[in-house]
Amino acid sequence: MVENRVLPRRIVMMGPPGSGKGTQSAILSEKLGLNTYSAGELLREAAASGTPEGNAIKEIIDKGNLVPAEYIVNRIEAKIIEPENHKGYIIDGFPRTLDQAKVFEEMQQKPFFQKNNLAVDLVLLLQVPDEYVIDRIIGRSQCAECGMLYHEKFKPTKVFGVCDNCGCKEFTRRADDTYETVVSRLRNYRRVTAPVIPYYEDKGLLVCVDGTGPIDVVSEKIRKIVGY
Ligand SMILES: [Zn+2]
């Protein structure tokens, strides 16, 4: 039977920290030829712009306060309405709160979005157990010389303590890759972001993907859902 369905091309990628959504967004982006936008990146870009608005954002971020949902959604809207994104787009790690999801939804109801068929048509949720995330994040390290990424369990160096790529013997770890920070980020995800999941489930947009296992196994599952 030939399925005559419209393939989803306006995709939101969700998942806890360490679920691999950044990696999978990048793969999908390349396969589909679509741009990926992450809210964090858009905000950092704005904060570095030096405009009065950018400076105001920088001040909010520097103080550790939450940037208003309206502002983030405006940044995303500015990207989505660009003609090159009318064929589709991927949004990585946004919305992060129910409030953001609702403001984002209002944006999609605008006539321009409806007329050009720009509203989100798929929300992919990468599901991974907490222990898996902890395992994945805690063992990460990076070559101090060439920046090659390693993991003591999942991607160790061929020779212990020596970079495969450049032979360097020095490695760095991200300061926030500790057990305490990972657990706190997971707790924060459950409390703040998890309520977004039933919101998209109710809209019939949510598809869950088992995010455990090798990268290519997960991206194959996503390929089947997205269709490419
Ligand atoms: Zn290296």
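The values are calculated or read from the model by the stated rules, or taken from the named source; none is laboratory data. Bear in mind the structure is a predicted one, so any value in this text is a computation, not a measurement. Methodologically, a virtual Cβ is constructed for each residue, glycine included, from the backbone with ideal geometry; neighbour enumeration extends over all protein chains shown. Remember, those area values only see protein heavy atoms, side chains included, never the ligands or the DNA or RNA. Shrake-Rupley method; radii C 1.70, N 1.55, O 1.52, S 1.80 Å.
With 30 Å as the limit, write out which pairs from Lys169/Lys224; Lys58/Lys221; Lys153/Lys224; Lys31/Lys58; Lys155/Lys203 have Cα-Cα distances beyond it, or answer none. Beyond 30 Å: Lys169/Lys224; Lys58/Lys221; Lys31/Lys58; Lys155/Lys203.
Remark: relative contact order (the stretch 24-123) = 30 percent; criterion is Cα-Cα distance under 8 angstrom and separation of 6 or more residues.
With axes computed from alpha carbons, what is the tilt in degrees of helix 98-108 against the longest principal axis of the chain, rounded to the nearest 10 within 0 to 90? Here the helix axis deviates by roughly 50 degrees.
The residues of the chain present an accessible area of 56 Å² per residue when probed at 1.4 Å with all protein chains retained.
With the simple model of a label 7 Å out from the Cα in the direction of the Cβ, Ala78 to Val6 spans 2.8 nm.
If you restrict to DSSP beta bridges whose two residues both lie in the stretch 11-132, what percentage is antiparallel, to the nearest 5? Once the DSSP bridges in the stretch 11-132 are tallied, antiparallel ones form about 0 percent. So what's the angle, to the nearest 10 degrees on a 0 to 90 scale, between helix 179-188 and the longest Cα principal axis of the chain? For 179-188 against the chain, the angle is about 10 degrees.
Per atom type, the stretch 61-121 shows carbon and sulfur on 52% of its accessible surface, probed at 1.4 Å.
Just the protein heavy atoms count here, and of the accessible area of the stretch 122-228 at 1.4 Å, carbon and sulfur take up 55 percent. Beta-bridge orientation, the chain: approximately 30 percent antiparallel, per DSSP, counting only bridges with both partners inside.
Rolled with a 1.4 Å probe across the full set of protein chains, the surface gives Glu170 an accessible area near 120 Å².
Entry note, the chain: the mean residue ellipticity at 222 nm calculated from DSSP H runs of n ≥ 4, each adding -39500 (n - 2.57), is -12500 deg cm²/dmol after division by the residues and rounding to the nearest 500. Solvent exposure of Glu70, expressed as accessible area, is near 100 Å², computed with a probe of 1.4 Å over the protein chains only.
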